[in-house]
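First the structure, in the form of structure tokens, and then the observations on it.
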Amino acid sequence: MPLLSVTDLRTYFHTRSGIYRAVDGVSFSVERGETLGIVGESGSGKSVTCYSIIGLLPIPPARIESGTAFFDGTDLLHCTPAQARAIRGKRVAMIFQDPMTSLNPYMRISEQLIEPLLIHEKITRHNALARATAMLESVGINDAQKRIHLYPHEFSGGMRQRVMIAMALITKPELLIADEPTTALDVTVQAQILELIKKMQRELGMAVIFITHDLGVVSGLCDRVQVMYAGRVVEAADVRTLFHSPKHPYTRGLQRSIPSLQPKGAELYTIAGLPPDVSKPLPGCAFAARCEHATARCTATTPALIELASGHAQTCLRVQAGEI
Amino acid sequence: MADPILELRDVRTHFPVTQGFLFKRDLGTVKAVDGVTLTLARGEVLGLVGESGCGKSTLARTIVQLVPTTGGAVILEGKNLTTGSTTEVHDIRRDLQMVFQDPYASLNPRMTVYATLAEPLLVHGVCPVADVPARVAELMRIVGLAPRFMQKYPHEFSGGQRQRIAIARALALEPKIIIADEPVSALDVSIQAQILNLLAQLVRRMNLSLVFIAHDLSVVKHISDRVAVMYLGKIVELGRAADIIERPRHPYTRALVSAIPTPDPDVERTRQRIVLPGDPPSPMNPPVGCAFNPRCPHAKEICKSSVPRLSSFEADREVACVRVEEIANL
Ligand SMILES: Nc1ncnc2c1ncn2[C@@H]1O[C@H](COP(=O)(O)OP(=O)(O)OP(=O)(O)O)[C@@H](O)[C@H]1O
Ligand SMILES: Nc1ncnc2c1ncn2[C@@H]1O[C@H](COP(=O)(O)OP(=O)(O)OP(=O)(O)O)[C@@H](O)[C@H]1O
Ligand SMILES: [Mg+2]
Ligand SMILES: [Mg+2]
């Protein structure tokens, strides 16, 4: 049984200007110890998917319309608050995309780091502080003894991000959800953090959901990858298959846009057009309006995520029909 | 240099670090930027890279005068901003725009996209009031946002969408220089490519100068003419973008370049990285001599005593390493 299994998750935002279908029928699962990468269009619902699982949606305007998210037998979307508290923040931890909105600006780093320990474990303040200092050192913050007493604004962007990482790992979670955790870091520190995550994974058998735009990071860290577009998963495969034989036109477009694979200074390849308006029901494939292969059928039939080969699924009707 | 628009002369920005609220105890000084000298030409793109916490954002904020300089001079078209009057600085703001690293913190949560983009247009009287809505829509289209989002608030957007609002706001005043602090880090590669094309186009068409801060070296290489590499408040290497990334000379740059992840699982899992021993140093307590010496695979006794100066090494390249010649062929 997978550690986490999400089925048909739909999270909509009910706003004055309409209903935004941020997540619209997403299913996936994560095994113990496995690393799942989530990539995709900015605004495609990657973060909202994770907020839904971890219970941090702003409700309202957000509403979970349907779906289940079983973590080790408990449906996180329908369990009691007490059950949720026992899991979230301890067995499932999350690193957020924006460190400043999740760190309390008026609280010293030390207080914020030991808080989850004091809540979830029987531990003295003194010992909690020692563990927090050690954790801060292992994410590469020098002078941790002194700096642990600073406030968030006294840290650089990347250092704040490392504080967030320390905060998430300090309770030794079984599932780590990392939303662009290394985007703000230089590549050497990034390499160090990725090593730390891999090490925790080996030692604790921790599973990881890793959201990133950096396809280089995905290729080094992830076992499997899923690609999201406009609130849906459009392709999922093991990492090698996804990089060597992407099938969905959006995935292919994404891969073609990588700057390091294009000559310096040249106009970069981009996917023409704008993302669809998710406040209107989308008949057919959400990518059709921007897809060079689209036919009339693509805008009429809602595509399903269908396996092409074992473990490789994608939604393009024309790929499924063997036409492209 | 031909036609410099911006000059930094020995710029220093230090922060005091204190503990305690009422009875402050001095813990020391963070020398976030410590002696940076640079020239930016009109129409040039300068990439700025370096370890997280090395002072890139502080340098950016110092250039646009959001933090006071501790020493040195920031000179824009001959005017020294560090000694200028407030009205002068206000006028200069229009020419010098910044895109912040954190799109969450830099947008006013109570202002719609329309209000955010219309405000600078109205304050500086850029266009007739009647044209403001059309201009706002145009700015949104330029950064790839549909104008139908005009009446939405920042929290209703994803990270990448907010970053595009921030870029549109910087473009609103048609500045001469944009200081962009990690403007594309939060974007997917396709939108990233759009923004990079857009910035490159603005540079060409409007002779815009750009300081581009990023961690993704392949992006930096793509867009920049020259690249400056910072380590602990100082520039350690400066040169043409392709030279720096294809043939890095400073040992820190070498480690940095070797850590660039490649978008190919087979290559990425087998390649060699220069792993730096030890942790990044604390800017409160920098190492004596060359700041990089405790982690440098090539450090000798001399590196622990003398502070290397940034000096010419090859054509169009400056390096701050006393052993640069000896290690060039290693
Ligand atoms: N509070 C909100 N109110 C209304 N719409 C929202 C809200 N939060 C998010 N959305 C919308 O939900 C969609 C998905 O957002 P999400 O943050 O999950 O994107 P993402 O895939 O994480 O993008 P990025 O890569 O840019 O972080 C976006 O279109 C966004 O505009
Ligand atoms: N207001 C402040 N008070 C005290 N120290 C500060 C302040 N702002 C920045 N610093 C310190 O100055 C140093 C440089 O920070 P800066 O934000 O410029 O780094 P950076 O190179 O932009 O890093 P990153 O890549 O992580 O964004 C850091 O050590 C940081 O802790
Ligand atoms: Mg996100
Ligand atoms: Mg910064």
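The values are calculated or read from the model by the stated rules, or taken from the named source; none is laboratory data. Keep in mind it's a predicted model, so treat the numbers as computed, not measured. Counting neighbours? That spans all protein chains shown, and the Cβs are built from the backbone with ideal geometry, glycine included.
Some observations on this one:
- Residue count for segment A:252-278 under the criterion of being crowded, with 17+ Cβ neighbours inside 10 Å and either in contact with a Gly (Cβ under 9 Å, 6 or more places away or on another chain) or part of a loop (DSSP other than H, G, I, E, B) (or both): the result is 11.
- Within segment B:237-252, if we keep just the residues that are more than 26 Å from residue A:244 (Cα to Cα) and acidic (Asp, Glu), the residue that is farthest from the chain's Cα centre (by Cα) turns out to be B:243.
- Residue, farthest from residue B:245 (Cα to Cα), within segment B:35-68, restricted to residues that are more than 13 Å from chain A (Cβ to nearest Cβ) and modelled with pLDDT under 90: B:68
- Restricted to segment A:129-218, the set of helices (runs of 4 or more DSSP H) holding at least 2 residues that are over 24 Å from residue B:48 (Cβ atoms), away from ligand 3 (no atom under 16 Å from the Cβ) and touching a residue at least 40 places away in the same chain (Cβ under 8 Å) comprises A:157-169, A:187-204.
- Top-ranked residue of segment A:58-103 - restricted to ones that are at pLDDT 90 or above and among the aromatic types (Phe, Trp, Tyr), ranked as surrounded by the most Cβ atoms within 10 Å (Cβ to Cβ): A:71
- Restricting attention to segment A:223-247, the residues that are in a loop (DSSP other than H, G, I, E, B) and surrounded by fewer than 24 Cβ atoms within 10 Å (Cβ to Cβ) add up to 5.
- Taken over segment A:14-29, the criterion of being under 13 Å from residue A:277 (Cα atoms) and over 19 Å from the mean Cα position of the chain (by Cα) is satisfied by A:17, A:18, A:19, A:20.
- For residue A:62, the test of being within 12 Å of another protein chain (Cβ to nearest Cβ) and not basic (Lys, Arg) is passed.
- Number of positions in segment B:268-289 that are over 25 Å from residue A:145 (Cβ atoms) and more than 8 Å from chain A (Cβ to nearest Cβ): 4
- Residue B:255 meets the stated requirement of being closer than 29 Å to residue B:40 by Cα, of a type in the set (Gly, Ala, Ser) and either over 23 Å from the mean Cα position of the chain (by Cα) or part of a helix (DSSP H, G or I) (or both).
- Enumeration of residues in segment A:8-21 that are surrounded by 16 or more Cβ atoms within 10 Å (Cβ to Cβ) and farther than 11 Å from residue A:232 by Cβ: A:11, A:12, A:13, A:19, A:20
- For residue B:26, the criteria (1) within 14 Å of another protein chain (Cβ to nearest Cβ); (2) modelled with pLDDT under 95; (3) crowded, with 21+ Cβ neighbours inside 10 Å hold in every case but one, which is (3).
- Given (1) in contact with a helix residue (DSSP H, G or I) (Cβ under 8 Å, 6 or more places away or on another chain); (2) part of a helix (DSSP H, G or I); (3) surrounded by fewer than 17 Cβ atoms within 10 Å (Cβ to Cβ), index of the condition residue B:121 fails: (3)
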